[in-house]
Amino acid sequence: MLVIQNLYKQFGSLVAVNDFNLTVKLGETVVLMGPSGCGKSTTIRTINRLVEPSRGRVMLNGANILAMEPDELRDVRKRIGFVFQHFNLIGRLTTLENVMLGLVMGGTDRETAECKATEALTKVGLENHLAHRPDQLSGGQQQRVGIARALAYEPELMLWDEPTASLDPILVREVLVVMEELARYRASTMIVVTHELTFALRVADRIVLMDKGSIVEEGQPSEVFVKPVSDIGRQYQELIE
Ligand code: ADP
Ligand code: MG
């Protein structure tokens, strides 16, 4: 479904992503891990062109995202959900309105938008918080609104960039539970950047380890840390033992 080929991104003289290659199958959950600064965010941001790569190809269902005109790109972005570390909810809007906003701005009529938003919020367990404002919600609940906002589009691809990184440890679990359910249900194909090793081992179909802009290790959770060939792989292996 998604093919990333020879992806390369340079910021000035700094090489952030160096010949990154990845193929993701329909319905697959790929967890992308690696030390801070190794290029994870830059890599997944190129998929919907929040970052323009220096060179490479990103093919989604056979179409090269990097060659698309603005109109075509806008349509493709609607099919790609993105959940960030910081949820950026609008404080004066309710939970329901926060999820509806993007849909309405994208041309969906209010009634349909409300229906889709309610459904998405139900999927993340917030059906009883539709009228709450962000400051009346916990951090975990706020991030679940962020997830619902992405889900409301019924995206075929979901990109997650450290969705639990800014949450108190106690609130991390409720977000991981929602993510795990989405992965199990295979509602969409997912690429998840996270440092949550237990989550990765439980939920990933494939774990990809990056270091210094490149993939250094890749495999199923049951095998990837068994005989690591990279320093990073060995460091993760020690964390598991
Ligand atoms: P990660 O998400 O794995 O922590 P990033 O993809 O954010 O890593 O960053 C990879 C490298 O690129 C880092 O050295 C970072 O400082 C650099 N970088 C990221 N974004 C920019 C930018 N917009 N301008 C300059 N350097 C950047
Ligand atoms: Mg990052």
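A few points about this structure:
- Projecting the Cα atoms of Leu32, Ile147, Met1 onto the dipole axis of the chain, where Lys and Arg carry +1 and Asp and Glu carry -1 at the beta carbon, places Met1 farthest toward the positive end.
- Estimated dipole of the chain in Debye, rounded to 20 [Cβ of Lys and Arg +1, of Asp and Glu -1, Cα centre]: 300 debye
- This model, with +1 at the C-beta of Lys and Arg and -1 at the C-beta of Asp and Glu, gives segment 61-122 a dipole about its Cα centre of some 200 debye.
- Cα pair count fraction exceeding 16 Å, expressed as % - segment 15-128: 70 percent
- Listed values for segment 45-53 are Karplus-derived 3J(HN,Hα) couplings in whole Hz (6.51 cos²θ - 1.76 cosθ + 1.60, θ = phi - 60°), namely 6, 6, 5, 10, 6, 5, 10, 8, x, and x replaces Gly and Pro.
- Cross-link partners of Lys9 among lysines, defined as those whose alpha carbon lies under 19 angstrom from its own and excluding same-chain residues fewer than eight positions apart: Lys40, Lys212.
- Looking at segment 146-241, the DSSP beta bridges with both ends there are about 50 percent antiparallel.
- Extension gain, Leu197 to Arg74, is 40.9 nm, computed as 0.36 nm per intervening residue step minus the present C-alpha separation.
- Put simply, the chain fits an ellipsoid with semi-axes of 30, 22, 15 Å; these come from the alpha carbon gyration tensor as the roots of five times its eigenvalues, largest first.
- Dipole of the chain [Lys/Arg +1, Asp/Glu -1 at C-beta], most positive-end residue of Val203, Thr23, Val178: Thr23
- Ellipticity estimate at 222 nm from DSSP helix runs (n ≥ 4, -39,500 (n - 2.57)) divided over the chain, nearest 500: -11500 deg cm²/dmol
- Net charge dipole, segment 26-72: roughly 280 debye, given to the nearest 20, about the Cα centre with Cβ charges of +1 for Lys and Arg and -1 for Asp and Glu.
- Two-site label geometry, Ala67 and Gln237: point separation in nm, points 7 Å out along Cα→Cβ: 4.2 nm
- Residue with peak Gaussian network fluctuation, the chain [Cα springs, cutoff 10 Å], from Ala187, Ala148, Ala67: Ala67
- Using 0.36 nm per residue and subtracting the Cα-Cα separation, the extra length available between Arg49 and Ser138 on full extension is 28.9 nm.
- Three-way shape label, segment 178-241, alpha-carbon gyration tensor, a/c 1.5: prolate
- With each label modelled as a point 7 angstrom along the Cα→C-beta vector, the Ile170-Gln10 pair spans 4.9 nm.
Coordinate-derived values only; no laboratory data. What you are looking at is a predicted structure, and each value in this text was computed from that prediction instead of being measured. Positions of Cβ are generated from backbone atoms using ideal geometry, with glycine treated the same way; all protein chains shown enter the neighbour counts.
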